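What follows is a set of notes on a single structure, which appears directly below.
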Amino acid sequence: MSRLDSMLRRLTAQRNGLNWAAEQISELGGDVLDMGLGNGRTYDHLREILPDRRIWVMDRVLQCHPDSTPPAQDFLQGEAEPMLEKLAQSGQSIAMAHYDFGRGIKHEDVAEAARLSPLIARVMVPGGLLISGQPLVGFQQIKGPETIAPDRYLFYRS
């Protein structure tokens, strides 16, 4: 598979997973958390499919497309550990989280996801959903939508 085909498959899985998760949390209270703003495409999609939810966004730096810039009060800039701690201390409850941290070095990305998992758990509401490109620990892994190949994107319930 070419890198272009792989990227298209990943983005399609991401979009389908987010859409599926948004439907699953319709009866669940809480905000949404996008971990890893990047260019802002995922955040922009989340705004569209969850217009009535507050969407928290977290990243080391703000360098997204101008049309995808979150409001300052919803953007947590810095390293993940203190930003998750800040979110937990503020009492925010997250019904759905999208985990997209990583540098593309698999063993480092997997280790970071495992290290951050307990902090993520602190902000999730019971029964909340996590969508992730990396394996998370301490959550119940569930089957996502049928359109997504197993292990292409991972789905968890808190």
So, in the stretch 125-155, how many residues would count as being free of Cβ contacts under 8 Å to residues at least 60 places away in the same chain and within 23 Å of Leu84 (Cβ to Cβ)? 13
Scanning the stretch 129-158 residue by residue, those loosely packed, with under 15 Cβ neighbours inside 10 Å, within 24 Å of Asp31 (Cβ to Cβ), touching a Lys or Arg at 6+ places or on another chain (Cβ under 9 Å) and not hydrophobic (A, V, I, L, M, F, W, C) turn out to be Gln140, Gln141
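Determine whether Ala72 is at pLDDT 95 or above, within 20 Å of Gly133 (Cβ to Cβ) and small (Gly, Ala, Ser).
On the way: at pLDDT 95 or above: yes; within 20 Å of Gly133 (Cβ to Cβ): no; small (Gly, Ala, Ser): yes.
Judged against the criteria, Ala72 is not a match.
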Here the residues within the stretch 9-42 that are closer than 20 Å to Pro150 by Cβ and not in a helix (DSSP H, G or I) are none
Could you list, in sequence order, the residues of the stretch 1-21 that are out of contact with any strand residue (DSSP E or B) (no Cβ under 7 Å at 6 or more places or on another chain), closer than 28 Å to Pro126 by Cα and of a type in the set (Gly, Ala, Ser)? Ala13
Where Lys86 falls short, out of the listed (1) more than 23 Å from Asp151 (Cβ to Cβ); (2) of a type in the set (Lys, Arg); (3) touching a helix residue (DSSP H, G or I) at 6+ places or on another chain (Cβ under 8 Å): (3)
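So that you can scan it fast, the table gives a plain yes or no per residue for (1) more than 14 Å from the chain's Cα centre (by Cα); (2) among the aliphatic types (A, V, I, L, M); (3) at pLDDT below 95; (4) under 18 Å from Phe155 (Cα atoms):
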| residue | (1), (2), (3), (4) |
| --- | --- |
| Met1 | yes, yes, yes, no |
| Ala13 | no, yes, yes, yes |
| Glu23 | yes, no, no, yes |
| Met35 | no, yes, no, yes |
| Pro51 | yes, no, no, no |
| Pro82 | yes, no, no, no |
| Ile94 | no, yes, no, yes |
| Asp100 | no, no, yes, yes |
| Ile105 | yes, yes, yes, no |
Matching residues, the stretch 24-44, being surrounded by fewer than 20 Cβ atoms within 10 Å (Cβ to Cβ) and farther than 14 Å from Gly128 by Cβ: Gly36, Gly38, Asn39, Arg41, Asp44
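The values are calculated or read from the model by the stated rules, or taken from the named source; none is laboratory data. What you are looking at is a predicted structure, and each value in this text was computed from that prediction instead of being measured. Quick reminder, even Gly has a Cβ in these numbers, built from the backbone with ideal geometry, and neighbours come from all protein chains shown.
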